[in-house]
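To keep things clear, I will list the structure first and then write my remarks on it.
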Amino acid sequence: MNRNQGETETPKNNAIGKILQYTSEDGIFLELFAAGQDDLQEPLKIAAKSPAVHFFFCLSEEVTFVFSPHYSKTLGINKSFFLYDPGKDVPISLFGGIDSKLVHIHTTIAHLHELFVSDAPEMAFLSSENAERKYYEERPLPPSIIAPLQQLFNARLSPQAQRLFIKGKLYEILACYFSHDSASDVESCPFLQDEDSVKRLKKAKDILITNYTNPPSIAELAKKVGINDTKLKSGFKEVYGNTVFGFVLDYKLEISRGMLESRKYKINEIAFHIGYSNPSHFISSFKKKYGVTPKQYTKETVG
């Protein structure tokens with residue numbers, strides 16, 4: 001954590017708020033946070049409960065944790081922060097940027113012992129001699145963790161399927177967190193240690209969002225952000241967990257879902273709005289992603 005002299009300067013906050021909360025049957029808790037478009041003066045306040053272990057995963061844009069007037073920490077894009085304080089609850093004020101996404105997972109040491117008892121020697125904080133000590137760790141996220149983290153934000157399933165999906169992703173994230181070789185992962189994915197490349201990929205993502213109805217080709221996009229085609233394709237998949245055009249398709253279909261839920265538009269109007277010249281192609285894409293046609297979705301979900 002950063003120790004500052006005097007008062008901590010209050011960061012800019014962009015309406016970061018909780019969008020999902022989940023508790024598994026065996027005591028693992030998950031919270032998803034995302035930022036909106038409107039600036040807020042008041043931060044989101046949460047508490048890292050003691051003696052639970054807390055994992056924070058930052059995606060898309062950095063998030064600042066303010067622990068007190070004298071302590072703060074900024075967690076960068078595609079970074080994780082592990083926190084364990086056996087002595088007390090840790091109040092936290094969260095400040096995010098306009099595109100911030102944060103995943104918070106917490107559980108008990110006892111439960112982690114049950115899950116990873118054979119790997120305990122590799123986990124310094126799990127040893128009995130450290131049970132009463134504070135433990136903090138920051139590390140870059142490997143692609144094996146970035147992908148399931150992104151999928152937590154992107155999945156749109158029925159409530160029953162959603163709970164099963166989230167539970168599976170929770171265990172996948174924890175398994176990868178404790179078993180991966182971070183050095184080799186970073187080496188194989190230079191975007192995780194190269195801030196300039198990450199910024200270029202974020203710029204590419206922003207261009208795709210702005211031009212989602214008529215996105216540029218891979219070659220055009222690579223030229224716009226100053227990176228070669230191969231690095232754009234592989235880096236985009238590593239950082240955002242999707243191909244370039246898979247990301248665009250998901251984004252378009254998310255917009256269509258919102259338009260369907262508003263009940264203000266006909267299906268062909270939605271298709272044309274998100275860039276389809278043929279409504280039947282839109283219907284086919286929607287059904288492939290969500291398992292129902294737009295008409296069925298409106299009846300079953302909107303009512």
> What are the lysines whose alpha-carbon lies under 21 Å from the alpha-carbon of residue 205, with same-chain residues fewer than 8 places away excluded?
Replying inline: 79, 101, 223, 224, 231, 233, 237, 252, 289
> Taking the alpha carbon gyration tensor of the range 189-241, what are the square roots of 5 times its eigenvalues, largest first, to the nearest whole Å?
Replying inline: 18, 11, 10
> When the C-alpha atoms of the range 246-302 are aligned to their principal axes, what extent does each axis show, in angstrom, from largest down?
Replying inline: 25, 21, 18
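Any read-out appearing in this document is the output of simple, stated calculations on the displayed coordinates, not a laboratory observation. Please read all numbers here as calculations on a predicted model, not as lab measurements.
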